[in-house]
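Below: the structure, in structure tokens.
Just so it is clear, none of the values below were taken in a lab; they were calculated from the coordinates. Quantities reported herein were computed from a predicted structural model and do not represent experimental measurements. Quick reminder, even Gly has a Cβ in these numbers, built from the backbone with ideal geometry, and neighbours come from all protein chains shown.
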Amino acid sequence: VTTAFEHQVDDVGRWYWEGLAAGELRFQRCRNCHTPWLPPREQCSNCLSDVWDIEQASGAATLVSWVVYHVAPHPAFNDRVPYNVAIVELEEGVRTVTNLSGVSDWDSLRTGAPLEVVFDNEQGIPLARFVLAPGGTE
Ligand SMILES: [Zn+2]
């Protein structure tokens, strides 16, 4: 049986998807220069080392940037507007592209707002999204 989830899994990122399915947000950290990164890649983007460790993120992050689409970019997204794409920085220093959940007042968002990870499952695919942490504006 082939599921949508299995289509997403490759050798490089298997540990990432398995982490999400287990409720853990995992990232890589270079053993040579200690740069952390996400999403999964075979080599460190800083020094090109292919020797790295997998670490588990605390789930705490801050909001770096976001966009909200009020008009669907494709008819397939019609039932999902307003649809957002956000860049967040994990407290471990990793910046990643994600979606925000549970935001009702987009005008109240501010750069640097504290966030925390939530684990969703969409059509069998585990996803990490972020919600405003206690103390965040809204
Ligand atoms: Zn490195």
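General observations
- Answer from 74, 34 - the residue that is within 16 Å of the ligand (Cβ to nearest atom), of a type outside the set (A, V, I, L, M) and out of contact with any strand residue (DSSP E or B) (no Cβ under 9 Å at 6 or more places or on another chain): 34
- Picking from residues in the stretch 74-100 that are polar (S, T, N, Q) and surrounded by 15 or more Cβ atoms within 10 Å (Cβ to Cβ), the one that is nearest to residue 45 (Cα to Cα) is 96.
Yes or no, residue by residue, for (1) within 16 Å of the ligand (Cβ to nearest atom); (2) out of contact with any Pro (no Cβ under 8 Å at 6 or more places or on another chain):
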site	(1), (2)
46	yes, yes
54	yes, yes
57	no, yes
64	no, yes
68	no, no
92	yes, no
116	no, yes
120	no, no
131	no, yes
